[in-house]
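The values are calculated or read from the model by the stated rules, or taken from the named source; none is laboratory data. Please read these numbers as outputs of a predicted model, since none were measured by experiment. Note that we place each Cβ from the backbone using ideal geometry, even for glycine, and neighbour counts take in every protein chain shown.
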Amino acid sequence: MKLRSLVKSDLFFLARYGIFLVYAVFIVVYLITLHYIPWQTGTFVMKLLVFSDPAAMGLFFMGAVVLLEKSQRVNCSLAVSPATTAQYTLSKSIAFLISGLAVGLIIAFGSGRYLTFWAIIGLAGGSLLFSMGGLFVATKTQSLNQFIICSLPVEIFISAPGFIFAFNKLSSPLWIIHPGVASVNLLFKESDVSANVFSIISLVIWNVIVFAVTRVAVSKMFKQLGGGSL
């Protein structure tokens with residue numbers, strides 16, 4: 001019940017501070033762009049957009065939200081609430097997961113296309129990973145400029161191999177071990193069931209690991225509120 005309430009609060013926070021409005025602007029721009037791209041090429045571009053923006057934007061928006069909470073001392077209230085660091089981490093990630101899935105599906109259906117079951121799983125797994133990566137970096141930074149600089153390595157690590165894989169430049173199936181490649185594989189290679197299963201396993205393992213690391217970082221952030229260590 002606490003987790004559900006936290007997720008609702010985070011979604012309200014995203015709406016209140018204009019994150020959903022920014023998503024809406026991107027949706028309109030993407031749909032207009034896709035309208036003028038040939039169908040086959042447009043489908044490929046649509047999947048790249050679904051991977052790079054609804055999922056990856058969660059990383060940067062997560063940083064903005066956490067830094068805003070820090071500036072408004074929201075974390076001070078959360079630190080003395082019954083909510084655990086695991087629930088805090090999950091609620092933030094789930095809120096951005098819901099947002100990323102909604103944007104991805106709107107882009108797909110709005111352009112006259114669709115996302116398969118595998119593609120939706122790939123989008124969800126990638127969205128969670130990007131969001132928790134953004135949360136981890138946000139716990140270590142104090143300003144937006146610092147966050148942007150520190151988040152770039154995380155963004156490049158997750159997304160760069162995925163983009164390269166999308167253009168068929170990585171032939172070895174072992175690349176599915178990489179989370180970005182696993183996510184892109186689910187978006188682009190729906191017919192290869194065995195590869196998709198391994199991709200899901202890869203994403204689950206990565207998300208569990210990143211969740212554990214991020215939860216520890218969140219715990220340290222709360223213990224250091226006020227300039228000292230609790």
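Being under 23 Å from residue 135 (Cβ atoms), modelled with pLDDT under 95 and surrounded by 13 or more Cβ atoms within 10 Å (Cβ to Cβ): is that true of residue 218 here?
Numbers: under 23 Å from residue 135 (Cβ atoms): yes; modelled with pLDDT under 95: yes; surrounded by 13 or more Cβ atoms within 10 Å (Cβ to Cβ): yes.
When the stated conditions are applied, residue 218 passes them.
Rundown of residues vs (1) of a type outside the set (D, E, K, R); (2) within 16 Å of the chain's Cα centre (by Cα), yes/no style:
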residue	(1), (2)
137	yes, yes
155	no, yes
159	yes, yes
164	yes, no
167	yes, no
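Just one of the numbered conditions (1) touching a Phe, Trp or Tyr at 6+ places or on another chain (Cβ under 9 Å); (2) part of a helix (DSSP H, G or I) is not true of residue 190; which one? If we test residue 190 against (1) touching a Phe, Trp or Tyr at 6+ places or on another chain (Cβ under 9 Å); (2) part of a helix (DSSP H, G or I), just (2) comes out false. When restricted to residues that are surrounded by fewer than 14 Cβ atoms within 10 Å (Cβ to Cβ) and not hydrophobic (A, V, I, L, M, F, W, C), region 10-43 contains 7.
Please tell me if residue 59 is closer than 26 Å to residue 216 by Cα, modelled with pLDDT under 85 and assigned to a helix (DSSP H, G or I). Write out each step before concluding.
On the way: closer than 26 Å to residue 216 by Cα: yes; modelled with pLDDT under 85: yes; assigned to a helix (DSSP H, G or I): yes.
Yes; evaluated as a whole, the condition is true for this residue.
Residue-by-condition table, conditions (1) within 21 Å of residue 163 (Cα to Cα); (2) among the aromatic types (Phe, Trp, Tyr); (3) modelled with pLDDT under 90:
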site: 186; (1), (2), (3): yes, no, no
site: 189; (1), (2), (3): yes, no, yes
site: 197; (1), (2), (3): yes, no, no
site: 203; (1), (2), (3): yes, no, no
site: 225; (1), (2), (3): no, no, yes
site: 229; (1), (2), (3): no, no, yes
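Take residue 152 and decide whether it is of a type in the set (A, V, I, L, M) and in contact (Cβ under 8 Å) with a residue 12 or more places away in the chain.
Numbers: of a type in the set (A, V, I, L, M): yes; in contact (Cβ under 8 Å) with a residue 12 or more places away in the chain: no.
Considered against the rule, which asks whether it is of a type in the set (A, V, I, L, M) and in contact (Cβ under 8 Å) with a residue 12 or more places away in the chain, residue 152 comes out as no.
Tell me whether region 166-178 contains one or more residues that are modelled with pLDDT under 90, buried (at least 21 other Cβ atoms within 10 Å of the Cβ) and over 23 Å from residue 71 (Cβ atoms). Within region 166-178 (the criterion being modelled with pLDDT under 90, buried (at least 21 other Cβ atoms within 10 Å of the Cβ) and over 23 Å from residue 71 (Cβ atoms)), the answer is yes, since at least one residue qualifies. Hey, does region 102-124 have a residue that's crowded, with 18+ Cβ neighbours inside 10 Å, hydrophobic (A, V, I, L, M, F, W, C), under 13 Å from the mean Cα position of the chain (by Cα) and under 18 Å from residue 21 (Cα atoms)? Yes, region 102-124 has at least one match.
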